[in-house]
Amino acid sequence: MTDRLHPRTRMIHDGSDRRAFGEMSEALYLTQGFAYASAEEAEARFDGSDPGFVYARYGNPTVAMFEERLASLEGAEACFATASGMAAMNAAMFSQLKAGDHVVAARALFGSCHYIIDNLLPRYGVETTLVDGTDLDQWRAAVREGTVLCFLETPSNPTLEIIDIAGVAEIAHAAGAKLVVDNVFATPCYQRPLELGADMVMYSTTKHIDGQGRCLGGALLGSKELIDGPVLEYMKHTGPAMSPFNAWVMLKGLETLYLRCDAQASNAEGIARFLAKDGRVKRALYPALPEHPQHNLAMSQMERGGTVVALELADKRAAFGFLNALEVAKISNNLGDAKTIATHPATTTHQRLTEEDRLSLGITQGLIRLSVGLEAEEDLIADLDRGLGAT
Ligand SMILES: Cc1ncc(COP(=O)(O)O)c(C=O)c1O
């Protein structure tokens, strides 16, 4: 559809590929293979002169509709949908790197991304340097000849640190490296890293894009040259493709993505203001709060503060007291769901790190991450008040 239309409109219509019945809702093609009309057609599909489908590990019509719709929202030339967010992150790294290369990444990362950078890549001869992502001088000092990729997540999980995407892109490009951004927390509604200079964007579509806690999924977006080149080559032969069923769920999720994110972000703003004023809370973190240490940077590269709020209580006892008193919010570890989720990162998502590493990331035993859902704001605030009463 035309670029003149607002992304909110394109999210409803782009990527629709109607076939024989003129079906309104996109069809679910639950097939891994495709029959060819002739041996010549099969040959042409395999040599690429006929762009039709070959095998679901490479592409499938329902998955392609999802990829086209997400690429339209992101303003990307191309997209490859994966089985999970981690499959997308893994492919972003392994499709680009070889032994002897160097990667610079922000230290504040989702636990499994941290594992790939810090444990897995070095096993294959890739040297990695972790920096404080908020300090551009540290990126400048870390890049060198042989740096192929820079990787960051902003806002970061779970402390909601903000990294200057355009600033890091400039440093990466000057060193001949590419920048990959994990845009899960910001969502494609509120931050478009490609427009800020990033080369690839990755999503866990498990989060806001599904948005109702059903399916795992991921996506990698960027230029045609990158995504339809080395990324597709890697995906074809290693098999992390998204299933057609999950792609169908995600495709329908995109239709309501703005609506849900806007309602969740409004709830998050109200909750952040409530927590910031409450004396029982040591610190409330939310990028759109003026008190956030990087509020100005956040608002210069994000349209809204997002759907996640973090709060710090005195210690683990207070954090567990808070969690166990909640009645509406659920104790779990996903985010971006319609249901509000409260997480204690130190003992769950970031348990694998040492206490020293956690503290260097600001993950104290009193820290709680709240993924704010679609419930009525007053019920959520009453629930949090109940939780704070038990700290
Ligand atoms: C910021 C971030 N990146 C990546 C992932 C990984 O996504 P998935 O669980 O879909 O593999 C997550 C999951 O929690 C995440 O929060």
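General remarks:
- Under-5 Å amide H pairs with residue 330, H placed in peptide plane, nonlocal only: 340, 341, 342
- These residues, 224, 277, 252, 316, go from largest to smallest accessible area, 1.4 Å probe, as 277, 224, 316, 252.
- Rounded percent of accessible protein surface that carbon and sulfur make up, the chain, 1.4 Å probe: 52
- Amide H contacts of residue 283 (H built 1.01 Å from N, under 5 Å, at least 5 apart or other chain): 312
- For the set 277/330; 252/330; 277/316; 207/339; 282/316, the pairs lying more than 19 angstrom apart at their alpha carbons are 277/330; 252/330; 277/316.
- Residues whose amide H falls under 5 Å from that of residue 367, counting only those 5 or more places apart or on a different chain, are 313, with hydrogens built in the peptide plane.
- A 1.4 Å probe run over the stretch 7-255, with the rest of the protein chains in place, finds 39 Å² accessible per residue.
- Karplus 3J(HN,Hα) series, Hz, for the stretch 330-347 with 6.51 cos²θ - 1.76 cosθ + 1.60 (x for Gly, Pro): 9, 7, 7, 10, 7, 8, x, 7, 4, 8, 5, 10, 10, 10, 9, x, 4, 9
- Proximal lysines relative to residue 98, as straight alpha-carbon distance under 28 Å, when same-chain residues fewer than 8 apart are discounted: 178, 224, 236
- In the stretch 7-255, a dipole from Cβ-located charges (positive for Lys and Arg, negative for Asp and Glu) runs towards its positive end, and of 42, 186, 217 it is 217 whose Cα lies farthest in that direction.
- 3J(HN,Hα) along the stretch 222-236: x, 6, 4, 4, 7, 6, 7, x, x, 5, 4, 4, 5, 5, 4 Hz, from the Karplus curve 6.51 cos²θ - 1.76 cosθ + 1.60 with θ = phi - 60°, whole Hz, x for Gly and Pro.
- For the stretch 1-76 and the stretch 308-364, distance of Cα centres in Å: 40
- Accessible surface ranking that places the most exposed of 34, 46, 151 first, with a 1.4 angstrom probe: 46, 34, 151
- Rg over Rh, two decimals, the chain (C-alpha only, Kirkwood Rh): 0.98
- Take the Cβ atoms of residue 379 and residue 300, set R0 to 25 Å, and the FRET efficiency comes out at 0.15.
- Sequentially through the stretch 261-272, phi angles give Karplus couplings (6.51, -1.76, 1.60; θ = phi - 60°) of 4, 4, 5, 5, 5, 5, 4, 5, 4, x, 5, 4 Hz, Gly and Pro residues having no value and appearing as x.
- Between 310, 272, 42, the Gaussian network model of the chain with springs among Cα atoms under 10 angstrom shows the greatest mean-square fluctuation at 42.
- Heavy atoms of residue 364: accessible area, 1.4 Å probe, square angstrom to 10: 30
- About its Cα centre, the stretch 1-66 has a charge dipole of approximately 420 debye under the convention of +1 per Lys or Arg Cβ and -1 per Asp or Glu Cβ, with nothing else charged.
- The stretch 223-278 and the stretch 113-167: distance between their alpha carbon centers, rounded to Å: 22
The values are calculated or read from the model by the stated rules, or taken from the named source; none is laboratory data. These figures come from a predicted structure and were not determined experimentally. When we count neighbours, we look across all protein chains shown, and the Cβ atoms used for this are built from the backbone with ideal geometry, even at glycine. For accessibility, only protein heavy atoms count, side chains too; no ligands or nucleic acids. Shrake-Rupley method; radii C 1.70, N 1.55, O 1.52, S 1.80 Å.
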